[in-house]
2 protein chains.
Amino acid sequence: MTAAAKQHTESTAETILDAASELFAEKGYEGARVDELAKAAGVNKATLYYQIGDKEAVYHAVITRVLTRTADEVCAAVAEAQGYEEKIRHYIALFARHTGNMRYAAPIMLREVASGGRNLPESAIQQMGRMLGALSETLSEGERSGLFRPVNEFMVHMMIVGSLLLYASNEPIRRRNAENNPEIYDASHFLSTDEAGETIADLVLAAISNTNNNPN
Amino acid sequence: MTAAAKQHTESTAETILDAASELFAEKGYEGARVDELAKAAGVNKATLYYQIGDKEAVYHAVITRVLTRTADEVCAAVAEAQGYEEKIRHYIALFARHTGNMRYAAPIMLREVASGGRNLPESAIQQMGRMLGALSETLSEGERSGLFRPVNEFMVHMMIVGSLLLYASNEPIRRRNAENNPEIYDASHFLSTDEAGETIADLVLAAISNTNNNPN
DNA sequence: ACGATTCAACCAAACGGTTAAACCAAATGG
DNA sequence: CCATTTGGTTTAACCGTTTGGTTGAATCGT
């Protein structure tokens, strides 16, 4: 679907946000030029200002949208799942799929964290809180049921989110490394989005499971 | 120690790199201005060009230095430690301490990953490879000895590095969240650098340990 | 025809980079 | 013992380009 064709099914504003998401992911806020944003969206610069606003407004819209979408999908998946282990698996699987398939999501989040959340509107922080809350609740209830052992829930969150964001954003570096050093090329470095999610889920569940399966 | 006082014990070039590390961590490559770099180092802009080179050269020097230092310390700690579990603990502890205490390290690494390693010189990638190699070796040998179970070693690396980089860079957002929502303030979100390392080490070891402690 | 939208051209400010002159401690030499 | 030179280093002022943002006219859909 070309940018021009998109305009027939998508509002101009959304076309702009789609293009902006990719550009901000690739170059960051300061690295992306407003002229580039307009060109990537197939739109005149003044149109961008008319439709959305200045560069910062575009960025805020992009980051709020990506965080809301991610939190929505992850929280919905957790709510649907039956059983605490299944909820954890779904949490991880959806986060992995979302950050892995929408390729701009992970770099944008990583950059935002790196900058101390300087451009994060409060609404975006609340979305992150929603995800953390869903995980914490599952961990707490699973612990109460004897399935999980007591753990620092925030740190478990860091493990899940950190590993998946890093893995998703990592890909160009892994590729480059494999090309430059084909002799140490390792297929285990190139899992698909879903495989990566499953692998992390296995590790996380092993980390939090109560090894004493018959609590007295 | 003021920037002026530093110049008596440190070369001008190193003073510049110290200031540049913090500024690049805070604002990223494109976000940091050459005028700011010079001002932060307490040095004239032309001095910066004379001592190191253009903006890109400063950045390359910064990133190579931080990655080399990190890899050196982490690999040395692993080499010194006795036993596979101890090696894993040291690996994580040193990485946590390094990224947590040198506060610019984590944001710089995260940003570089987010940008696909576009500015990573080959030498910097090799430093990352050194760390991954040290971990992989420990995991493989620990598995052969029956202490660890078979795991995707690269993904374990992602978990360790991802969680600690995220946690270290996260701090401003956590702070802000705690201030805006004091009612849900949670002390478990504010572990010290060393505590964070220990917590992650416990989780990782639980994840990779062979639960069948008496292999037949 | 009319408001909504898009456009090319434009602008001031900010930016990365350069330059010629000034500075300063250590060597030189009378 | 002091004046002068020398080489590395620092400086303020400057330059051409790029940047985010604006504007009035043209175009489009209805």
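Please find, in a Gaussian network model of chain A (springs between Cα atoms separated by less than 10 Å), the residue of A:N180, A:N170, A:N101 whose mean-square fluctuation is greatest. In this elastic network of chain A, the residue with the biggest mean-square fluctuation among A:N180, A:N170, A:N101 is A:N180. Measuring between alpha carbons in the structure, the pairs from A:K39/B:K39; A:K55/B:K55; A:K55/B:K39 lying more than 31 angstrom apart are A:K39/B:K39.
One equal scatterer on each Cα of the stretch A:91-216, no solvent, Debye formula: the resulting log10 I(q)/I(0) at q = 0.21 Å⁻¹ is -1.23.
Shielding by partners for B:25-37, please: the mean number of other protein chain Cβ atoms within 10 Å of each residue's Cβ.
Numbers: counts 3, 4, 6, 8, 4, 7, 6, 1, 1, 0, 0, 0, 0.
Counting Cβ atoms of other protein chains within 10 Å of each residue's Cβ and averaging gives 3.
Peptide packing: for B:152-158, B:52-58, B:68-74, the average count of neighbouring Cβ atoms within 10 Å per residue gives the ranking B:152-158, B:68-74, B:52-58, highest mean first.
Per-residue mean of other chain beta-carbon atoms within 10 angstrom of the beta-carbon, peptide B:104-114? Please list the in-between numbers first.
Working: counts 0, 0, 2, 6, 1, 3, 12, 7, 4, 14, 17.
Mean number of neighbouring Cβ atoms from other chains: 6.
Between copies, B:E122 shows label-point distances of 5.2 nm, shortest first, with the point placed 7 angstrom from Cα along Cα to C-beta. Charges were assigned to the Cβ only: +1 to each Lys and Arg, -1 to each Asp and Glu. The resulting dipole of chain A about its Cα centre is roughly 420 debye. Computed over the Cα atoms of chain B, the ratio of the radius of gyration to the Kirkwood radius (Rg/Rh) comes to 1.04. Eigen-decomposition of the gyration tensor built on the alpha-carbon atoms of the protein assembly as shown gives equivalent ellipsoid semi-axes of 34, 30, 20 angstrom, largest listed first.
Averaging Cα coordinates gives a centre for the stretch B:122-147 and one for the stretch A:133-195; these two points are 17 Å apart.
Could you work out the mean count of beta carbons from other protein chains within 10 Å of each residue's beta carbon in A:196-203?
Averaged over the peptide's residues, the number is 4.
Sorted largest first, the principal axis extents computed over the alpha-carbon atoms of the stretch A:50-155 equal 55, 24, 19 Å.
With N denoting the number of residues in the stretch A:122-194, provide Rg(C-alpha) divided by 2.2 N^0.38 Å, to two decimal places. Working shown, then result.
Values: Rg = 17.3 Å, N = 73, 2.2 N^0.38 = 11.2 Å.
In units of the 2.2 N^0.38 Å rule of thumb, it is 1.54.
What you get for the stretch A:89-216, charging only the Cβ of Lys and Arg (+1) and of Asp and Glu (-1), is a dipole of about 280 debye around the Cα centre.
Legend: helices of chain A (whole DSSP H runs) are marked when their alpha-carbon atoms reach 15 angstrom or more along the helix axis and their mean Kyte-Doolittle hydropathy is at least 0.0; marked are A:55-80, A:193-208.
Every number here is computed from the coordinates shown, using simple stated rules; none is lab data. Being a predicted model, the structure only gives us computed values, none of them experimental. For neighbour counting, all protein chains shown are included, and Cβ atoms are generated from backbone atoms with ideal geometry for every residue, glycine included.
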